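> Have a look at this one before I ask anything.
The values are calculated or read from the model by the stated rules, or taken from the named source; none is laboratory data. Owing to the predicted nature of the structure, the values given are computational and were not obtained by experimental measurement. No Cβ is skipped: glycine too gets one built from the backbone with ideal geometry, and neighbour counts run over all protein chains shown. These area figures cover heavy atoms from the full protein model, side chains too; ligands, DNA and RNA do not enter into them. Shrake-Rupley method; radii C 1.70, N 1.55, O 1.52, S 1.80 Å.
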Amino acid sequence: MRLVTGQRSVVMSVGEFATFNPLPTGGNYGRTGAWRAAAGTAWHQTMRERTLAAQPNAQFEVNIQGRLLHQGWSVELQGRVDQVLPLAGGWVLREIKTISESLPRTEEELEQTYSEHFRQLATYLRLAELGGLPAGTSLAGELVFIDYSTGIVQTVPMALAEASGWIELQLTALRKYWEFRWNSRQRLSEMPERSAFAVLRPGQAEAQAGLAAITALSGVFMFEAPTGFGKTGLLLEYALTRLREGHSHRLLYLTGKGSGQGPVIKQLRSLLGTEPELRFIQLRSRAEHAIESPLHTCDVRRSCREELEERWLSAGLDVFTLFEDGTLPVEKSRRLGAVTGVCPYEITRAALPCAEVWVCDYNYVFSPAHRGVLFNLQGFDAMNTLLLLDEAHNLPARAAEARSHIFSAPAAMFAVHALREVLARPGLLRAAENLAEFLEELAPTEKLDATASYLLEDHLDTLAAELMAAPLPEQLPESAADFLWGCANARETLHDQTLQLLPTVPTRGELRLACVDAAPAIAAALRSFGQSVLTSATFGPPEIFASACGLEKHEAHWIAAHAPWRDGAYDVAVDARVDTRFNSRERFYATTAETVRLFADGQPRPIAVFFPSYDYAEKIRAYVEALDPGLRVNMQPRGASLTEQMEFLDQSLLTAHAIFLVLGGSFAEGIDRLGGEVERAMVVGPALPEPNAVKKAQLAKYEETMEPEEAFRRAYLAPGLLKVAQALGRLVRAPGQRAKVLLHCRRFADEATQSLLPEEYRGGQVLRKDTDLLEWLKK
């Protein structure tokens, strides 16, 4: 559905027109679409053959289009009629619909249950009538319902005179939505220019100009600006301008972590003021929406969408009036859910089409299992949407993770037992049993052999075919359904020829189908939007990041912001006295511990020490404590929540001499608390990834098209040094802040390593003796 800018005109398909519903509906975000599509395709072919046998002159998949006018609105419609049959001086338009309910049924029951099918046929009849029929030509319609499980067919005729009633009711429902969107566009066009900053910092004016130059353009853009530069404010300013000028109708702002969404919402509220001209929603997880109340209790094991439309109507909810101060907070959805019995997550989701700004996680665009939540929404058009993607350096890894799958024998056996409990179809149960037995027998290996890979593909194909043949039993627990549909998703991933997958077995009975490279899928998603702007403090070398996103050189356009106040803010040295490679580091444990002691000695504030792993950090902590029991070392906790992380840092900044952190973790990449508080930092090694099966596969893939040195640079060096740059970038976030940085490993002096570091961390003094270190520390 596309509203034409500046006109009361809409362009949409007949299917969109017929299925539009202002109320939230039940279902499960399109999971049943697979078996419905398969059954529909098979029965369409069968009915085509039957029709041809009876009516050789019949036509199939006939394109039809036309315009409807309704209370000042013009609606351009296009669609395809399943069958057009010549009959007694006229035509019969026939639509074929497969259903899961048993037949026959009364026409009243069918109209109530499948009203969208009747609206679709009625619309085809009206468009055919408007297309101009010769005088005396008759026109009628038929809906052919087929019970896919039994093959029973029931035909419901529709006279041309009946079409108007179906169409007018739908036009009335749609007009309310169109008027809502029209008024929204008017408000946006009249929205005044707003600035996120009362006074611009050095460099921000130039960044604003760079963004302003692309306002009316389409394509993919990379906006690189250092931590603390004000990227979020600048990008939201830019987005509001693009919305106001009509270049985009919606903003989709994605973050890699839930903790990153709060600052975006806070900045947006500040920009919009107390009377916002637009509506915005932060789409949080189902778990965060969950409630337990007398009228409704959310069950994470099952969907909360049963009887959703009936509950909504009974509660008298109106999606157009849910917003307060421009948004629908999750707390309000929870309150409404408690008093109405409607699932809070579904309340928020129902309100999404009414909001111009959505803030949510990467998965809603880049995960095949989650993207349907947004892309199946009524009125969503990616080409009319501006995509802003924060912390985009994480995107290649996140997209690959979203296309990777884990299957365990216990999860498979649980699904089997659940299927037995609900008396599932024999074919489906047998397919699940065979997969579970296959998983139970798998022994650990870095890569499945050809025979096992073939058997895996065969098991997934069989299970997917069974899932497409019929819907799952309604009583099946959600966790079992998730496992089964996860198998179907894995099968689709396995058959995607653009992706490289690696089947590996890390422990007995656990199969991991790892996506080695998701670049083609990332590129396809980015290209589907009217404009995509990816932002990060450190993308790394442009050619490496663009390649990791599947983009050609001419597709990736770069805007680099410069912060003059960071010039000379870092005093960097390379400690070439030690080698932190895995097989060598133990020989230098004592030297590393002594360096930590010297670096922290006499400092009024704690130092930060970044390690490539917890194990390495814990070993050095033991050496430090033995060397100097009075030196207080605080170690980053594992698996801490955001609140616990902040409490740890607040306490450590007050009590510790040294804070040990792990590169690539949330402390190193996601928390800005260290800026201005820590003035000395030590990086123990370049944090190269572990050479596991996936990394080896990536290296082999690169070596197919480039020299071994460049392949290693991309597979290992670049990801490791990106973590280093992310950690160091958070130490200087504002004018006047400075940091003394020691890169503790001789590999940091290598030309290949230096070339991958941002300019501000390159070219430091190389320390080769203990006296070199002492002299540098005295500076």
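> Answer yes or no as to whether Glu647 is in contact with a helix residue (DSSP H, G or I) (Cβ under 9 Å, 6 or more places away or on another chain) and exposed (fewer than 14 other Cβ atoms within 10 Å of the Cβ).
no
> Please return the ranges of strands (runs of 3 or more DSSP E) entirely within the stretch 51-169 where 3 or more residues are at pLDDT below 95 and of a type outside the set (Lys, Arg).
The strands (runs of 3 or more DSSP E) meeting that bar are 59-70, 73-87, 90-99, 138-147.
> Restrict the check to the stretch 719-738 and report whether at least one residue is at positive phi and either in contact (Cβ under 8 Å) with a residue 24 or more places away in the chain or out of contact with any Lys or Arg (no Cβ under 7 Å at 6 or more places or on another chain) (or both).
yes
> Any residue at all in the stretch 569-591 that's free of Cβ contacts under 8 Å to residues at least 60 places away in the same chain, over 30 Å from Tyr702 (Cα atoms) and open to solvent by less than 40 Å² (accessible area, probe 1.4 Å)?
Keep residues of the stretch 569-591 that are free of Cβ contacts under 8 Å to residues at least 60 places away in the same chain, which gives 582-584, 586-591.
In the following step, the residues that additionally are over 30 Å from Tyr702 (Cα atoms) were identified as 586-591.
Filter once more, keeping what is open to solvent by less than 40 Å² (accessible area, probe 1.4 Å): 588-589.
Checked the stretch 569-591: at least one residue is free of Cβ contacts under 8 Å to residues at least 60 places away in the same chain, over 30 Å from Tyr702 (Cα atoms) and open to solvent by less than 40 Å² (accessible area, probe 1.4 Å).
> Where in the stretch 386-479 are there helices (runs of 4 or more DSSP H), lying wholly inside it, with at least 2 residues that are without any contact (Cβ under 8 Å) to a residue 24 or more places away in the chain and under 29 Å from Val694 (Cα atoms)?
Filter on the stretch 386-479 gives 426-440, 450-469.
> Filter the stretch 268-277 down to the residues that are assigned to a helix (DSSP H, G or I) and buried (at least 18 other Cβ atoms within 10 Å of the Cβ) and list them by number.
Answer for the stretch 268-277, where residues must be assigned to a helix (DSSP H, G or I) and buried (at least 18 other Cβ atoms within 10 Å of the Cβ): Leu268, Leu272.
> Here is a follow-up. Would you point out which residue out of Glu331, Glu310, Glu356, Glu391 is modelled with pLDDT under 90 and either over 30 Å from Arg714 (Cα atoms) or under 21 Å from the mean Cα position of the chain (by Cα) (or both)?
Values: Glu331 fails: modelled with pLDDT under 90; Glu356 fails: modelled with pLDDT under 90; Glu391 fails: modelled with pLDDT under 90.
After applying the criteria, what remains is Glu310.
> Starting from the stretch 51-66, take each residue that is under 18 Å from Leu87 (Cα atoms) and list its partners that are of a type in the set (D, E, K, R) and assigned to a strand (DSSP E or B), counting only C-beta distances under 9 angstrom and pairs at least six apart or across chains.
Thr51/Arg94; Ala58/Arg94; Phe60/Asp82; Glu61/Arg80; Glu61/Asp82; Val62/Arg80; Val62/Asp82
> Provide a single number: the residues in the stretch 278-296 that are part of a helix (DSSP H, G or I) and either of a type in the set (Asp, Glu) or within 18 Å of the chain's Cα centre (by Cα) (or both).
Count: 3.
> Out of the stretch 181-208, which residues are open to solvent by 30 Å² or more (accessible area, probe 1.4 Å) and part of a helix (DSSP H, G or I)?
Trp182, Asn183, Arg185, Gln186, Arg187, Ser189, Ala205, Glu206, Gln208
> If you don't mind, there's one more thing I want to ask. Only one of Ala465, Ala432, Ala469, Ala450 is of a type outside the set (S, T, N, Q) and at pLDDT 95 or above. Can you tell me which?
After applying the criteria, what remains is Ala432.
> Only one of (1) touching a helix residue (DSSP H, G or I) at 6+ places or on another chain (Cβ under 6 Å); (2) surrounded by fewer than 18 Cβ atoms within 10 Å (Cβ to Cβ) is not met by Thr451, so which one is it?
Condition not satisfied by Thr451: (1).
> Can you pull out the helices (runs of 4 or more DSSP H) entirely within the stretch 509-626 that have at least 2 residues that are touching a Pro at 6+ places or on another chain (Cβ under 9 Å)? Before the answer, list the steps.
Values: elements: 519-527, 542-548, 589-600.
Result: 519-527, 542-548.
> Given the conditions (1) touching a Ser or Thr at 6+ places or on another chain (Cβ under 8 Å); (2) within 29 Å of Leu721 (Cβ to Cβ); (3) open to solvent by 30 Å² or more (accessible area, probe 1.4 Å), and given that Ile659 satisfies all but one, which numbered condition is not satisfied?
Of the numbered conditions (1) touching a Ser or Thr at 6+ places or on another chain (Cβ under 8 Å); (2) within 29 Å of Leu721 (Cβ to Cβ); (3) open to solvent by 30 Å² or more (accessible area, probe 1.4 Å), the odd one out for Ile659 is (3).
> Examine the stretch 116-125 for a residue that is of a type in the set (A, V, I, L, M) and open to solvent by 10 Å² or more (accessible area, probe 1.4 Å), and state whether such a residue exists. Walk me through it before giving the result.
Here is the first cut: in the stretch 116-125, the residues of a type in the set (A, V, I, L, M) are 121-122, 125.
Next cut, open to solvent by 10 Å² or more (accessible area, probe 1.4 Å) only: none.
So far as the stretch 116-125 goes, no, none of its residues is of a type in the set (A, V, I, L, M) and open to solvent by 10 Å² or more (accessible area, probe 1.4 Å).
> Right, another one. Sort out which residues of the stretch 520-567 are more than 28 Å from His495 (Cβ to Cβ) and of a type in the set (Val, Ile, Thr), and write them in order of number.
Correct list: Val533, Thr535, Thr538, Ile544, Ile559.
> Could you tell me which numbered condition Val505 fails, if it satisfies all but one of (1) farther than 20 Å from Ala399 by Cβ; (2) open to solvent by less than 10 Å² (accessible area, probe 1.4 Å); (3) touching a residue at least 40 places away in the same chain (Cβ under 8 Å); (4) touching a helix residue (DSSP H, G or I) at 6+ places or on another chain (Cβ under 8 Å)?
The number of the failed condition is (4).
> If we scan the stretch 674-681, do we find a residue that is more than 23 Å from Gly262 (Cβ to Cβ) and open to solvent by 20 Å² or more (accessible area, probe 1.4 Å)?
yes
> Considering only the stretch 356-367, I want to know if a residue exists there that is of a type outside the set (A, V, I, L, M, F, W, C) and surrounded by fewer than 17 Cβ atoms within 10 Å (Cβ to Cβ). So that I can check it myself, show each step before the final result.
Of all residues in the stretch 356-367, those of a type outside the set (A, V, I, L, M, F, W, C) come to 356, 361-364, 367.
Okay, now just the ones that are also surrounded by fewer than 17 Cβ atoms within 10 Å (Cβ to Cβ), so none.
For the stretch 356-367, residues of a type outside the set (A, V, I, L, M, F, W, C) and surrounded by fewer than 17 Cβ atoms within 10 Å (Cβ to Cβ): absent.
> Right, another one. Any residue that is modelled with pLDDT of 95 or more and more than 27 Å from Glu704 (Cα to Cα) - is there at least one of those in the stretch 483-490? Give the derivation first.
Of the stretch 483-490, the ones modelled with pLDDT of 95 or more are none.
No, every residue in the stretch 483-490 fails to be modelled with pLDDT of 95 or more and more than 27 Å from Glu704 (Cα to Cα).
> For the stretch 81-110, which residues satisfy the criterion of being under 41 Å from the mean Cα position of the chain (by Cα), open to solvent by 20 Å² or more (accessible area, probe 1.4 Å) and touching a residue at least 40 places away in the same chain (Cβ under 8 Å)?
Those that are under 41 Å from the mean Cα position of the chain (by Cα), open to solvent by 20 Å² or more (accessible area, probe 1.4 Å) and touching a residue at least 40 places away in the same chain (Cβ under 8 Å): Arg94, Lys97, Thr98, Ser100, Glu101, Ser102.
> From the list Leu534, Leu502, Leu526, Leu513, which one is modelled with pLDDT of 90 or more, at negative phi and touching a His at 6+ places or on another chain (Cβ under 7 Å)?
Of the residues listed, the single one that is modelled with pLDDT of 90 or more, at negative phi and touching a His at 6+ places or on another chain (Cβ under 7 Å) is Leu513.
> From the residues in the stretch 536-566 that are under 30 Å from Gly676 (Cα atoms) and among the aliphatic types (A, V, I, L, M), which one is least open to solvent (accessible area, probe 1.4 Å)? First the steps, then the outcome.
In the first step, residues of the stretch 536-566 are kept if they are under 30 Å from Gly676 (Cα atoms); the result is 536-542, 545, 558-566.
Restricting the remaining residues to those that are among the aliphatic types (A, V, I, L, M) gives 537, 559-561, 563.
Working: Ala537: 23, Ile559: 23, Ala560: 85, Ala561: 20, Ala563: 5 Å².
Ranking the candidates gives Ala563 first.
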